[in-house]
1. Could you check, for the stretch 107-118, whether at least one of its residues is touching a Pro at 6+ places or on another chain (Cβ under 7 Å), over 30 Å from residue 26 (Cβ atoms) and not assigned by TED's automatic domain parsing to the domain that holds residue 36?
2. Restricting to the stretch 100-109, count the residues that are over 17 Å from the mean Cα position of the chain (by Cα), of a type outside the set (Val, Ile, Thr) and surrounded by fewer than 18 Cβ atoms within 10 Å (Cβ to Cβ).
3. Can you find a residue in the stretch 37-50 that is assigned to a helix (DSSP H, G or I), among the basic types (Lys, Arg) and either in contact with a Leu (Cβ under 7 Å, 6 or more places away or on another chain) or not assigned by TED's automatic domain parsing to the domain that holds residue 124 (or both)?
4. Considering only residues that are closer than 14 Å to residue 153 by Cβ, buried (at least 20 other Cβ atoms within 10 Å of the Cβ) and β-branched (Val, Ile, Thr), which ones fall in the stretch 201-233?
5. For the stretch 80-95, give me the residue count where each residue is assigned to a helix (DSSP H, G or I) and surrounded by 20 or more Cβ atoms within 10 Å (Cβ to Cβ).
6. Write out, first by first residue and then by second, each pair whose Cβ atoms fall under 8 Å of each other, whose residues are 6+ apart or on separate chains, and whose first residue, in the stretch 138-153, is in the same structural domain as residue 115 (by TED's automatic domain parsing) and under 18 Å from residue 55 (Cα atoms) while the second is buried (at least 18 other Cβ atoms within 10 Å of the Cβ) and charged (D, E, K, R).
7. Determine which single condition residue 82 fails, assuming it passes every other condition in (1) at pLDDT below 95; (2) more than 26 Å from residue 159 (Cα to Cα).
8. Please list, ordered by residue number, the helices (runs of 4 or more DSSP H) wholly in the stretch 110-223 having 1 or more residues that are of a type in the set (Asp, Glu).
Amino acid sequence: MGTTIPKAPAARKPARKPAPKRPAKRMTPRDRARVDEIFARFATATPEPRTELRFESPYTLVVAVALSAQATDVSVNKATDRLYQVADTPLKMLELGEAGLTDYIKSIGLYRTKAKNVIALSRILMEQYHGDVPLNREALESLPGVGRKTASVVLNELGVEPAIAVDTHVFRVAHRLKLSTATTPDGVERDLMAITPEPYRTRAHHWLILHGRYTCIARRPKCESCLIADLCPSRELFLGA
């Protein structure tokens with residue numbers, strides 16, 4: 001007998017109001033050269049950066065990114081290494097159920113809410129998309145637990161759409177490098193997309209997040225070992241700190 005998927009009303013998120021557009025960032029030739037050099041150095045140091053989240057399919061990527069909100073990639077990988085052995089498709093996740101999923105992810109912050117969202121999005125994928133992940137922004141952002149940042153990570157990682165998802169690391173690095181002065185993640189994303197040279201746009205998110213995670217850390221950035229220290233307007237604030 002086939003598995004019966006319990007029906008539930010598809011949760012619809014309220015329509016997201018587009019953020020007001022800001023004027024395109026105006027750059028002097030000197031600023032343009034500095035930005036180009038920043039990304040050129042990132043490209044030389046790490047030509048093909050990838051997410052540190054482990055995944056095997058669009059579905060496992062969506063789940064991993066959704067679980068990573070306010071959690072480290074290390075903690076998510078520890079949980080999903082076990083979870084994906086038993087539930088790596090929407091159907092298997094529904095068979096596991098919310099209580100079963102909770103047992104696998106309870107070491108991750110906000111795990112109860114995340115379990116509800118993963119089960120809800122898995123049900124929608126089965127009922128509306130035949131178990132496949134829709135690889136377009138509007139459909140992705142309509143899934144429970146999937147916002148703009150998660151959709152951007154998924155679309156960029158899978159090579160569908162260049163996007164620069166902005167988390168706390170990217171936000172911090174963008175401001176320290178004076179690549180953006182925007183006060184919201186959406187605003188920073190717009191600024192970064194506008195000034196990042198086209199050949200680097202699919203990799204910029206990874207470079208910035210890795211730089212923020214390991215070098216330009218929040219409290220004591222490692223300016224002495226930073227490969228772009230001489231290009232950073234904020235360097236003098238931290239040297240000798």
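1. The answer is yes; a qualifying residue exists.
2. 4
3. Narrowing the stretch 37-50 to residues assigned to a helix (DSSP H, G or I): 37-45.
Filter once more, so that each one left must be among the basic types (Lys, Arg): 41.
Now restrict to residues that are either in contact with a Leu (Cβ under 7 Å, 6 or more places away or on another chain) or not assigned by TED's automatic domain parsing to the domain that holds residue 124 (or both): 41.
The answer is yes; a qualifying residue exists.
4. Hit for the stretch 201-233 is 209, nothing else.
5. 6
6. 145/114; 149/167; 152/189
7. Against the list (1) at pLDDT below 95; (2) more than 26 Å from residue 159 (Cα to Cα), residue 82 comes up short only on (1).
8. Values: elements: 111-129, 137-141, 148-157, 168-176, 185-195, 201-214.
Qualifying helices (runs of 4 or more DSSP H): 111-129, 137-141, 148-157, 185-195.
The values are calculated or read from the model by the stated rules, or taken from the named source; none is laboratory data. Here the structure is a predicted model, which is why all the values come from computation and not from measurement. So basically every Cβ, Gly included, is an ideal-geometry build from the backbone, and we count neighbours across all protein chains shown.
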